[in-house]
Amino acid sequence: MRIVLTGGGTGGHIYPAVAVGRQLTQEDPATKLLYIGTKKGLESRIVPEQDIPFEAIDITGFRRKLSFENVRTVLRFLQGVRRSKKLLREFKPDAVVGTGGYVCGPVVYAAAKLGIPTLVHEQNAIPGLTNRFLARYADVVAVSFKESERHFERAKRTVYAGNPCATHVLRASRSKGFASLGLPDNSTVVLMVGGSRGARAFNEAMIEMAPLLGRLKDVQFVFVTGEIYYERTTEQIKKVSAGPIPYLHLVPYLNNMPEVLAASTLVVSRSGASSLAEMTALGMPSILIPSPNVTNNHQEANARSLMEAGAAEMVLERELSGPLLLERIDTILKDKARLQKMRTAAKRLGMPDSASILAGELKRMKRK
Ligand SMILES: CC(=O)N[C@H]1[C@@H](OP(=O)(O)OP(=O)(O)OC[C@H]2O[C@@H](n3ccc(=O)[nH]c3=O)[C@H](O)[C@@H]2O)O[C@H](CO)[C@@H](O)[C@@H]1O
C-alpha cells in the first residue's frame, strides 16, 4: 500500500501518524509512506528521524477571533491545497491519513477532492478545529474516546479505534530504556515530562525539586524539560544545588520515549491524549498535571477520567510546587499495594490493538 500521513505541530498529533505507518510497514514491508507536514512543526525533525520520507507545505492555523491574519490564512490554505494536490498526484497514495493539527487541513481536503480515500484520526475527547472541518470530507473519522463520536455527526463513517501510540509503545524494550539512562535493570525511575514541547510550570517545579531529590532513597529521576526550556532549567538547577546530582537525568527531549516509559515506575506528566494512551497501554501509574491552556480544558477532562478509574492522581497547575510534588511521589512509591492497584486500573483503560484496527480500516478503504 502507498499511504500519505499528515498531522503535526505537536508530538500528540505526529506520533499517532507515525504509529499507523509503522503498523502498516510491519504488516507489509512493501508499504510506501510519505509524510506531509510543515517546516515549523516538530514533525520536520521527528519524522525524518523515523526514516519516513518527509515533504513540507507552508500553512498557518486559524485565529479564533476575526482578524486580517485569517484572510492570509485562507490564501495560504488554498496554496497548501494546490501544493498538496501536486504531491498527491506524484505519490499516488491508496489512502491519506490525517491526525489533526492545522497542516492536515489542506492535505486531507485535497485528497478528498482528488477522490483518494481519507481517514482522519482524533486523539482527544473534544475534537480540534481542523478535524471538525475535515469530518464532512473524510471517508472515515476514527475516534479515541467513544463519547467523541457525537461531535462528528456529519461524518460518513465513524470508528472507535483508540490511539495507535498505545500499540507502538508496547513493542518498546524496557532493558533498552534502562541502558539508555546508564542504569541497571529494575532501577526505580520517576519520569517527569510536560508534553512534547515542555511546560514552564513543570520546569519551575523541577528547579524547586532538584535540591530535594536526595530525600527519596534509591530513586532515579528523569526530567524532560522540553527543548526551549533546557538551557535555563539546567542553569537554574546548577545554581540551587550544592553539586552534581547523580540520580538526576536532565534532558531536553527523549527520542526513545516508549523505552524510557516502559522502564519507569511512576510518571509525572501533562495529560495530552497520546501520552495517556501510551501510559494506559503500559499500565503506568501517574501523577497528571493538566495544561490549563488548551481548548475546552480537555486535558483536565482527560486526567479526570484516569483519576476516577484509580489509575492516576491529579494535581492542578495552580496548586503545583516542587515540595508538594515530591511529597506526592514519595507517598505513592512507598505504598506498593497502591502502585499495583494503579497499574491494574491504568492497564484496564489501555487499548493496545488500536494500530491494527486503523490498519484494517485503511486496507478495507483501499479495496472498495
Ligand atoms: C499544549 C497542547 O496543545 N497539547 C496537546 C498536544 O499535546 P502534546 O503534543 O504534548 O501531546 P501528547 O501528550 O498527547 O503526546 C506527546 C507525544 O510526544 C511524545 N514525546 C514527548 C516528549 C518527549 O520528550 N518525547 C516524546 O517522544 C510522547 O511519547 C507522546 O507520543 O496534543 C495532544 C493530542 O492531540 C493534546 O491532547 C494536547 O492537549
- State whether the residues of region 196-215 include one that is more than 15 Å from the chain's Cα centre (by Cα), assigned to a loop (DSSP other than H, G, I, E, B) and farther than 24 Å from A345 by Cβ. no
- In region 110-131, residues that are part of a helix (DSSP H, G or I), touching a strand residue (DSSP E or B) at 6+ places or on another chain (Cβ under 9 Å) and not polar (S, T, N, Q) total 3
- Within region 276-295, track down each residue that is within 10 Å of the ligand (Cβ to nearest atom), more than 20 Å from L320 (Cα to Cα) and not hydrophobic (A, V, I, L, M, F, W, C). E278, T295
- Query: In region 37-62, which residue that is assigned to a helix (DSSP H, G or I) and in contact with a helix residue (DSSP H, G or I) (Cβ under 6 Å, 6 or more places away or on another chain) is farthest from the ligand (Cβ to nearest atom)?
  - Reply: E43
- Select from region 89-109 the residues that are assigned to a helix (DSSP H, G or I) and either in contact with a His (Cβ under 8 Å, 6 or more places away or on another chain) or in contact (Cβ under 8 Å) with a residue 40 or more places away in the chain (or both) and list them in ascending order. F91, C104, G105, P106, V107, V108
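Quick check: is even one residue across region 234-245 of a type outside the set (D, E) and under 30 Å from L170 (Cβ atoms)?
Checked against the condition, which is being of a type outside the set (D, E) and under 30 Å from L170 (Cβ atoms), region 234-245 yields no hits at all.
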- Item | Residue check, R348 farther than 22 Å from A166 by Cα, out of contact with any Phe, Trp or Tyr (no Cβ under 7 Å at 6 or more places or on another chain) and in a helix (DSSP H, G or I) | no
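Each row is one residue, and each column tells you yes or no for (1) surrounded by fewer than 15 Cβ atoms within 10 Å (Cβ to Cβ); (2) more than 17 Å from S274 (Cα to Cα).
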position	(1), (2)
G8	no, no
P16	no, no
Q23	no, no
A30	yes, yes
L34	no, yes
K39	yes, yes
V71	yes, yes
R83	no, yes
K86	yes, yes
- Note on the structure: Residue set V193, V159, V120; condition within 16 Å of the ligand (Cβ to nearest atom), modelled with pLDDT of 95 or more and not assigned by TED's automatic domain parsing to the domain that holds E327; output residue V120
- Could you tell me whether any residue of region 294-301 is closer than 21 Å to I332 by Cα, of a type in the set (A, V, I, L, M, F, W, C) and either part of a helix (DSSP H, G or I) or not assigned by TED's automatic domain parsing to the domain that holds G128 (or both)? no
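The values are calculated or read from the model by the stated rules, or taken from the named source; none is laboratory data. In this text the structure is predicted, and so the values were computed from the model without any measurement. Note that each Cβ is placed from the backbone with ideal geometry, even for glycine, and that neighbours are counted across all protein chains shown.
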